[in-house]
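The structure appears below as structure tokens.
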Amino acid sequence: MATQRILDFLATRRPSGPCLVVDLDVVRDNFRAFEKALPDSKIYYAVKANPAPEILRLLAAMGSSFDTASVAEVEMAMDAGAPADRISFGNTIKKERDIARAYQLGIRLFAVDCVEEVEKIARVAPGARVFCRVLTDGEGAEWPLSRKFGCVPAMAVDVLRHAKGLGLDAYGVSFHVGSQQTDLTAWDRALADAKVVFATLAEEGIVLKMVNMGGGFPTRYLRDVPAAQAYGQAIFSALRKHFGNALPETIIEPGRGMVGNAGVIKSEVVLISKKAANDNVRWVFLDIGKFGGLAETMDEAIRYPIVTPHDGTETAPCVLAGPTCDSADVMYEKTPYPLPLSLTIGDEVLIEGTGAYTTTYSAVAFNGFEPLRSYVI
Ligand SMILES: *Cc1c(COP(=O)(O)O)cnc(C)c1O
């Protein structure tokens, strides 16, 4: 949300053009809230949510570990001060030469979801720890992760057995319950699957040690979401239920939940118009859209809170669109967005909850629009 520090920054610096401002105090509070909610779990910040060096440095200094998806992200985490043993290569889709490079840099923890990937790792990262990702249904998530990552639990058993056979350390199981997950029971279902993999392999003498419980922790957009503490309690009871007293090591990988509410995008109204004189829906065009960083408005999945200078006055439904010459650059149309009738061209609006998944999604120069600028304060 727009903290006083962010408002002061915008008022004094008056940056021109759309930009993201991230308040590090909020990131610090979020990290502490995760530590408090799940004191026995290690926190691996998902770098892709927002890789700003200031954010990575803060988290590294606070003792965070990092979930990375590429060699470049591994290097960003290291440049921020994270030692290799606090970095996981969590992408299940890696080139063999990138695995080799990460191994050279000291990375020893890798994600897999098939035997083909295990074979790559065995060839170039001998002895490394691997964890196998299992599919989840993604139900309850506003940004589900589909079937792209993970395999069914029965296959995870084969994958980890294969890893062990090739001399790797069959270390554990991972899952991701889907991003912006507001159903507290989602972890319970996934942990039940993880337990099946643990138990099946234990019968063969392969003892797994770790469950990576992924991300999915939500940020507040238009609706309230449960606090980190509620997630901590739900997850801890699910762990107890499925693993009893033999609790495994656990990891969480918050991305959105760590930085989403720390950032605000300042934008300007470029045009307000109608398609016919008697239309009751106005089209409001901002200087930022899907290609400027708001890619998560795809299918109207994420609905950001928008603050205008006229809040509290009468509103009417608007179609909200970006400034580019691409017809896909419309953010909210199926469900129009209520905005004040007195909103005018040139007004500045604040798009809240935009600290995650914005800067890195913005195009390099589509239609000549600069990539989203970001200030971390
Ligand atoms: C993207 C990602 C995350 C972060 O997910 P959030 O929903 O933003 O918390 C965590 N783990 C993995 C493997 C990811 O790909």
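Values as computed for the structure displayed
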{"read-out": "Count of the stretch 60-81 residues which are out of contact with any Gly (no Cβ under 8 Å at 6 or more places or on another chain), within 16 Å of the ligand (Cβ to nearest atom) and within 24 Å of residue 40 (Cα to Cα)", "value": "4"}
{"read-out": "Some residue of the stretch 140-148 being within 15 Å of the ligand (Cβ to nearest atom), buried (at least 24 other Cβ atoms within 10 Å of the Cβ) and not in a helix (DSSP H, G or I)", "value": "no"}
{"read-out": "Subset tally (residues that are more than 16 Å from the ligand (Cβ to nearest atom) and among the hydroxyl-bearing types (Ser, Thr, Tyr)) for the stretch 168-195", "value": "1"}
{"read-out": "Criterion violated by residue 285 - all others in (1) assigned by TED's automatic domain parsing to the domain that holds residue 150; (2) away from the ligand (no atom under 16 Å from the Cβ) satisfied", "value": "(1)"}
{"read-out": "Any hit, the stretch 2-17, residues being crowded, with 23+ Cβ neighbours inside 10 Å and not β-branched (Val, Ile, Thr)", "value": "no"}
{"read-out": "Selected residue [within 16 Å of the ligand (Cβ to nearest atom), more than 18 Å from the chain's Cα centre (by Cα), closer than 24 Å to residue 127 by Cα and surrounded by fewer than 20 Cβ atoms within 10 Å (Cβ to Cβ)] from 85, 98", "value": "98"}
{"read-out": "Candidate set from the stretch 254-277 (those that are part of a strand (DSSP E or B) and among the charged types (D, E, K, R)); member that is farthest from the ligand (Cβ to nearest atom)", "value": "268"}
{"read-out": "Qualifying residue in the stretch 90-97 (condition: within 26 Å of residue 263 (Cα to Cα) and not polar (S, T, N, Q))", "value": "yes"}
{"read-out": "The listed residue being modelled with pLDDT of 95 or more and assigned to a loop (DSSP other than H, G, I, E, B), out of 251, 206", "value": "206"}
{"read-out": "Subset of the stretch 304-325 (residues that are in a loop (DSSP other than H, G, I, E, B) and within 26 Å of the chain's Cα centre (by Cα))", "value": "304, 305, 322, 323, 324"}
{"read-out": "Residue in the stretch 68-81 that is under 21 Å from residue 228 (Cβ atoms), within 15 Å of the chain's Cα centre (by Cα), in a helix (DSSP H, G or I) and at pLDDT 95 or above present", "value": "no"}
{"read-out": "Number of positions in the stretch 190-233 that are among the small types (Gly, Ala, Ser) and within 20 Å of the chain's Cα centre (by Cα)", "value": "8"}
{"read-out": "Selection from the stretch 348-372 of residues that are surrounded by 17 or more Cβ atoms within 10 Å (Cβ to Cβ) and either free of Cβ contacts under 8 Å to residues at least 40 places away in the same chain or in a strand (DSSP E or B) (or both)", "value": "349, 350, 351, 352"}
{"read-out": "Subset of the stretch 149-167 that is under 26 Å from the mean Cα position of the chain (by Cα) and either closer than 30 Å to residue 304 by Cβ or surrounded by fewer than 16 Cβ atoms within 10 Å (Cβ to Cβ) (or both) - its residue that is nearest to the ligand (Cβ to nearest atom)", "value": "149"}
{"read-out": "Qualifying position, being at pLDDT 95 or above, out of contact with any helix residue (DSSP H, G or I) (no Cβ under 9 Å at 6 or more places or on another chain) and outside any loop (DSSP other than H, G, I, E, B), among 240, 161", "value": "240"}
{"read-out": "Qualifying residues in the stretch 228-253 (those that are among the β-branched types (Val, Ile, Thr) and within 13 Å of the ligand (Cβ to nearest atom)) - the one surrounded by the fewest Cβ atoms within 10 Å (Cβ to Cβ)", "value": "251"}
{"read-out": "Only listed residue being modelled with pLDDT under 95 and within 16 Å of the ligand (Cβ to nearest atom), chosen from 225, 211", "value": "225"}
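Quick grid of which residues meet (1) of a type in the set (Lys, Arg); (2) more than 26 Å from residue 23 (Cβ to Cβ); (3) modelled with pLDDT under 95; (4) not assigned by TED's automatic domain parsing to the domain that holds residue 265:
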{"residue": "330", "(1), (2), (3), (4)": "no, yes, no, no"}
{"residue": "335", "(1), (2), (3), (4)": "no, yes, no, no"}
{"residue": "352", "(1), (2), (3), (4)": "no, no, no, no"}
{"residue": "356", "(1), (2), (3), (4)": "no, no, no, no"}
{"residue": "362", "(1), (2), (3), (4)": "no, no, no, no"}
{"residue": "368", "(1), (2), (3), (4)": "no, yes, yes, no"}
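The values are calculated or read from the model by the stated rules, or taken from the named source; none is laboratory data. Just so it is clear, the model here is predicted, and its values are computed rather than measured. As a convention, Cβ positions derive from the backbone with ideal geometry for all residues, glycine included, and neighbour counts pool all protein chains shown.
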